[in-house]
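Okay, structure first, notes after.
Every read-out reported here was derived from the displayed coordinates using simple, explicitly stated rules and does not represent laboratory data. Computed from a prediction, not measured in an experiment: that's the story for all the values here. Glycine gets a Cβ as well: all are built from the backbone with ideal geometry, and neighbour counts include every protein chain shown.
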Amino acid sequence: MHAQGGRLYTHSRFTSKQQLFLDFVLQHDVTMGVQELAQEKLTPLLRLRYQNSIADAVAELGRPEEIGQIFSGFQRYLYETST
């Protein structure tokens, strides 16, 4: 995974609150050694970042569909640049 490239990507495409969440995801991925940011990991990451409050995540990041699109688009970019 190319974390630095991922951070540059987030800062050019997302709101500041979305960037903070994606930076959190990147840091969690690097720290935990996760090899794949599968879609099923999104809810646990949101719960971890927002102290179990999905409502807070939605208030900061957008509708659930939008959060899912941000997450999947971001991970697709990371894997495309790391190959």
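A cut-off under 10 angstrom between Cβ atoms defines the neighbours of TYR50, and their net charge, with Lys, Arg +1 and Asp, Glu -1, is 0.
What does the charge count near GLU60 come to, summing +1 for each Lys or Arg and -1 for each Asp or Glu among other residues with Cβ under 11 Å from its Cβ?
On the way: positive: LYS17, ARG49; negative: ASP56.
Computed value for this residue: +1.
Computed from label points 7 Å out along Cα-Cβ, the spacing between GLN39 and GLU65 is 1.4 nm.
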